[in-house]
Each structure stands twice: as structure tokens, then as C-alpha cells.
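**Q** Would you mind keeping the following structure in view while I ask a few things?
The values are calculated or read from the model by the stated rules, or taken from the named source; none is laboratory data. None of the values given here were measured: they were computed from a predicted structure. Every residue, glycine among them, receives a Cβ derived from its backbone with ideal geometry; neighbour counts consider all protein chains shown. The protein model used for the area step is the full one, side chains on, heavy atoms only, and it has no ligands, DNA or RNA in it. Shrake-Rupley method; radii C 1.70, N 1.55, O 1.52, S 1.80 Å.
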Amino acid sequence: MNNDLLNELKQRQKRILENLGTDLLILPAGAPPTGVSLFLQDDDFHYLTGFPEEGAIAVFDPTRDSENVALFVKEKDRQEEVWQGFTIGTRKARERFPADKVYNVKSLESTLKDRLKGRTVYYKAIQNQRQGETLEKLLEQEGVVPRKSGGPFDELLEMRVIKSAYELEQMRRAIEITGEAHHACMRAGKTAQFEYELEAEFEYACKTRGVRHFAFGSIVAAGAHATCQHYVENNGPVGPDDLVLIDAGAKWNNYCADITRTFPASGKFTAMQRDLYEIVLASQKAGVEAVAPGISFFELHNVAARVFADGLKSLKILHGSTDGIIEKNAYRDFWPGALCHSLGLYVHDVMPQAFRGADAERKLEPGMVVTVEPGFYSQDFNHQIPEAFKYIGIRIEDDVLVTEDGHENLSAAIAKEVADVEAMVQSGLQ
Ligand SMILES: [Mn+2]
């Protein structure tokens, strides 16, 4: 672990300890994976310890001077290493991870026993079933009713929503790789016959650059499949006249990218596809431009929604005043989603309560990273739409950092202008 990260982890731990006062926090590692699969650490646990294994538990206790932060980890064990995987063990954990004291996790019960009586204990449920049962029994025996929200959990949300320089470095790399993978998919667009070929292209480009986890299951949707926002089957054909929507993201050191691009498989938008694409693009750019400290998610959404509504009016898909369309949510038949979500360790990253919901009023602050992703989706039940505009799905999504004086589009290098997207597809194998 490099020193910058080590120091940052210690700073985070300090803030949580200060927030705890005299209370205690028990934070477990992520759920063990089922079957033979790759483990991904729980985001909060990763954020506060950097420790990558399952089966571990961190205990934050500001009243114990010599061990404010105790880390309980699996000890090295031959059976475990022969079957499940290699473990770090207590000795190396002590050397490499920020904790005042490292214990064998088997001693959790006996170590904690005397510390619980009369305390306020914050506890994030342990997903490792056996371990969870043991600990919950102990809490009950000691008369502790654990709190599962508020206190340090609220503080964690506030901390995680503002990204540090280290975190932004990881996100920039995740976004850079994701961009290269999107470009690889565009170049493969003309030859791909099935969606899964492009899914493989995306993942190949990421994995050959060192990516081990993805932010979510890649969405590769050709033609009408793109009208479903979270389509993940990825097993349909790619038709020569289809638009292909790819919404996917690499993780880099646990941090996510989340980028969507839509391109014509042929390398050339039809006039109708281009008209709709330009509307989504104009709406998306207006949204990106408006990202700045002091604007709320709600206000930001409406900036993009107005441009979207005006565009659909120009194609006679929507009618009436723009104000009326926004007020009555008439555009939502074609864009049912929200413009933004926070991005970080998790793809729909943590957001304090005030950021949630369509009427989220809390203002953006420097250091937040948000997605900007309007889309046009027309399915069979969009009765009022002319037949020519049906079964089309278009989404364009960038990842944007809120800065002191505005914003920085972290994914600006990924082709999204009509001419650039067409050129990228056409530069693929003939
Ligand atoms: Mn997104």
C-alpha cells in the first residue's frame, strides 16, 4: 500500500473515531462470494481499511487509546489456502494495513466481550452468516441493541460523496480504460453479428489493461433492445441499420466508471437516428455544462429536460409549451430516468438523503462526481409517437467532477459528436 493511501485511510479512520465520541462501530468485510468466483470488498469496509479479504471485521473504539482501530482477519490456514485462496494473515496485515491492532478473527468474541456492556454500538450487519450469528448472539448477551443507521453511517456517506485526490486518480484511470474499451467496441461495430461479441470486446479491452472487476453487468443493446434501460441479456443480433447502445464501466482499485455511448453499427446514422441522437446530445451537453457547485440534482435535471423537450417538439413528437411539458412530465414517456447519480466505489454511489428522489434539493459541492445521462427510449406503448421513431434507444453518459468554479468532464475524450462516432466506427475493420 502506498504512503498516500495509507495516510488517507488513517485520516478517514480519525474522522470516524471523532464522530463516534464514546460509541463503538463494528464494520464487517463484504459477503463471501458464492461458488468459485472473485471476491469484491464491501465499499465501506474498503473505504475505511483498504483490506481486501472477506471474513474480516473492523472495530472502531475511540475509548481505547492503544487500539482505536482493531482489525480482525483470517489467519493463514493450510486448508483454506488449498481450497479457497491465499490469505494475508495477521502478520502481514499488521505490516501492511492501517490498524492499531490486528487479531485473528477467531478471537473476535473473546476480545469484544468485555467492551460492549452499556455502550452504544453501531453495527453493519455481517453477511458472513456464521460470523454474523456469533456476533449478534454476543451483542444480545451483553444487552446491546445495535444501531444500524445514523451516527458514523451518516458521516461515512458525507465522506464518501466528496472525492479526494487519490480517489479521483483511480476514477480517472477507470474512465480512461472504459473510454478505450468503448472505442474498441465502436471499431468492432461493423463486423459484430451479436451483442455478446461487443460485450466481449469491451471486457477484453478492459481486462487486457488490468481490470479485474466491472462497475455493473455491461449493457450491450442493439436496435429495440436499447429501449430497455437495464438490458443485460446481450444475446441479440446486431442489424446493419441498428443503433448500438453500450453502457458499461470498468472498476479500478474499486472505483467505478459508468459511461454510455450509442453508435450506428453501419458507421453512418440514418437521418432519423441522427435527429434523435442530436437531441439527446444537446440535452446531455446542456446538463454537463450546468454542473457546478450550488445547483441541485433537481435543477440540473430540468436544465437537460428543457433542451430534450424542445428537441422533441422540433420533431413534432411533443407539443405545447416547454414549461407545460416539464410541469406535466410529458417528456417522461421517452425519458423515464433521472439525469444524474453520484459515482464512486459503487456505481449508484452513496448519496446523503437530501440528494435522493426526483425533487432532491441539496446542492452540488466541489469534489462530487456525478453522471450526466439523458436518453430517448421509444417502445410499443408510446402510442402517440410516429411509427418511424419507435423502437429506438439512445443514451449518452459522461462522468463529471464538480470543481470549485464549475466542472470537469472526466470522460470528455470519448467520442460522442456525430462525426467523431461515425469516424470511430468506420475506422474499424472493413
Ligand atoms: Mn449511470
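**Q** Give me D for the stretch 190-277 in µm² s⁻¹, whole number, from Stokes-Einstein with Rh from the Kirkwood sum over alpha-carbon pairs, 10 °C and 1.306 mPa s. Numbers along the way, then the final one.
**A** Numbers: Rh = 13.4 Å.
The calculation lands on 118 µm²/s.
**Q** Still on this structure: Working from the pairwise distances between different alpha carbons, so that the mean of 1/r is found and then inverted, what is the stretch 49-147's Kirkwood radius in Å?
**A** On the way: mean 1/r = 0.0700 Å⁻¹.
For the stretch 49-147, inverting the mean 1/r across all distinct Cα pairs yields 14.3 Å.
**Q** Related question: Once you compute Rg and the Kirkwood Rh from C-alpha atoms, what is the Rg to Rh ratio for the stretch 229-382?
**A** Working: Rg = 16.4 Å, Rh = 16.8 Å.
My calculation of the ratio gives 0.97.
**Q** Turning to a different aspect of this structure: So, for the stretch 163-426, what is the accessible surface per residue at a probe of 1.4 Å, expressed in square angstrom?
**A** 39 Å²
**Q** Right, another one. Given an 8 Å cut-off on Cα distances and at least 6 residues of separation, report the relative contact order of the stretch 163-426 as a percent. Intermediate values should be presented prior to the final figure.
**A** Numbers: 586 pairs, mean separation 63.4, N = 264.
Relative CO of the stretch 163-426 lands at 24 percent.
**Q** Among Gly287, Leu27, Leu339, which residue has its Cα positioned farthest towards the positive end of the charge dipole of the chain, with +1 placed on the Cβ of Lys and Arg, -1 on the Cβ of Asp and Glu, and the dipole taken about the Cα centre?
**A** The one lying farthest along the dipole's positive direction is Leu27.
**Q** Right, here's the next one. If the stretch 159-239 were replaced by its equivalent ellipsoid, with semi-axes equal to the square roots of 5 times the Cα gyration tensor eigenvalues, what would those be, largest first, whole Å? Before the final figure, lay out each step's value.
**A** Values: eigenvalues 147, 46, 19 Å².
Semi-axes (√(5λ), whole Å): 27, 15, 10.
**Q** Then there is this: In debye, nearest 20: dipole of the chain around its Cα centre with unit charges on the Cβ of K, R (+) and D, E (-)? Write out the running numbers ahead of the final one.
**A** Numbers: 48 positive and 65 negative charges, 186 e Å.
So the magnitude is around 900 debye.
**Q** How large is the charge dipole for the stretch 254-301, taken about the Cα centre, if only the Cβ atoms of Lys, Arg (+1) and Asp, Glu (-1) carry charge, to the nearest 20 debye?
**A** Details: 4 positive and 5 negative charges, 49 e Å.
Rounded to the nearest 20 debye, it is 240 debye.
**Q** Using the Karplus equation 6.51 cos²θ - 1.76 cosθ + 1.60 (θ = phi - 60°), what ³J(HN,Hα) coupling, rounded to whole Hz, does each residue of the stretch 154-171 give in order, writing x for Gly and Pro?
**A** My calculation for the stretch 154-171 gives 5, 4, 4, 4, 4, 5, 5, 6, 9, 8, 7, 4, 4, 5, 5, 4, 5, 5 Hz in order.
**Q** Here's something else I'd like to know. Probe radius 1.4 Å, ligands and nucleic acids ignored: give me the carbon and sulfur share of the accessible area of the chain as a rounded percent. Before the final figure, lay out each step's value.
**A** Numbers: 9550 of 19080 Å².
The nonpolar share, carbon plus sulfur, comes to 50 percent.
**Q** Pick out, from Gln426, Phe39, Val59, the residue whose Cα sits farthest towards the positive end of the charge dipole of the chain, with +1 on the Cβ of Lys and Arg and -1 on the Cβ of Asp and Glu.
**A** Comparing the listed Cα positions along the dipole, Val59 ranks first.
**Q** Using the Karplus curve 6.51 cos²θ - 1.76 cosθ + 1.60 with θ = phi - 60°, work out ³J(HN,Hα) for each residue of the stretch 76-82 in order, rounded to whole Hz, and write x for Gly and Pro.
**A** 4, 8, 4, 4, 4, 6, 6
**Q** Give me Rg/Rg_expected for the stretch 1-92, where Rg uses Cα atoms only and Rg_expected = 2.2 N^0.38 Å with N residues. Walk me through the intermediate numbers first.
**A** Details: Rg = 14.3 Å, N = 92, 2.2 N^0.38 = 12.3 Å.
Dividing the Cα Rg of the stretch 1-92 by 2.2 N^0.38 Å gives 1.17.
**Q** Whole-Hz ³J(HN,Hα) for each residue in the stretch 406-417, computed from phi via Karplus 6.51 cos²θ - 1.76 cosθ + 1.60 with θ = phi - 60°, x for glycine and proline: what do you get?
**A** Per-residue couplings from phi come out as x, 7, 10, 7, 6, 10, 4, 7, 8, 3, 9, 5 Hz.
**Q** Could you check the spin-label model distance between Ile295 and Phe86? Points 7 Å from the Cα along Cα→Cβ, value in nm.
**A** Spacing of the two 7 Å Cα→Cβ label points: 4.8 nm.
**Q** Hey, can you find the accessible area per residue of the stretch 3-158 for me, probe 1.4 Å, expressed in square angstrom? If you can, show how the numbers build up before the last one.
**A** Numbers: 8210 Å² over 156 residues.
Here the residues of the stretch 3-158 average 53 Å² of exposed surface.
**Q** Could you tell me what a quarter of the Cα convex hull surface of the chain works out to, in nm² with one decimal place?
**A** Numbers: hull surface 90.8 nm².
In nm², the orientation-averaged hull projection of the chain is 22.7.
**Q** Another one. Amide H of Phe194: which non-local residues (sequence gap of 5 or more, or other chain) have their own amide H closer than 5 Å, using H built in the peptide plane?
**A** Val238
**Q** Here is a follow-up. Long-range amide H contacts for Tyr122: which residues qualify at under 5 Å (H placed 1.01 Å from N, peptide plane, sequence gap of 5 or more or a different chain)?
**A** Leu24, Leu25, Ile26, Arg147
**Q** Using the Cα centre as the reference, give the magnitude of the dipole from point charges on the C-beta atoms of the stretch 3-158 (Lys, Arg: +1; Asp, Glu: -1; all else neutral), rounded to the nearest 20 debye. Before the final figure, lay out the partial values.
**A** Values: 23 positive and 27 negative charges, 79 e Å.
My answer is approximately 380 debye.
**Q** Please list, in chain and number order, the residues 5+ apart from Ile295 or on another chain whose amide H is under 5 Å from its amide H, with Hs placed from the backbone.
**A** Counting only residues 5 or more places away or on other chains, the set is Leu364.
**Q** Need the list of lysines near Lys74 for cross-linking: C-alpha distance under 27 angstrom, and skip anything on the same chain fewer than eight residues off.
**A** Lys10, Lys14, Lys92, Lys101, Lys106, Lys113, Lys117, Lys124, Lys137, Lys148, Lys251
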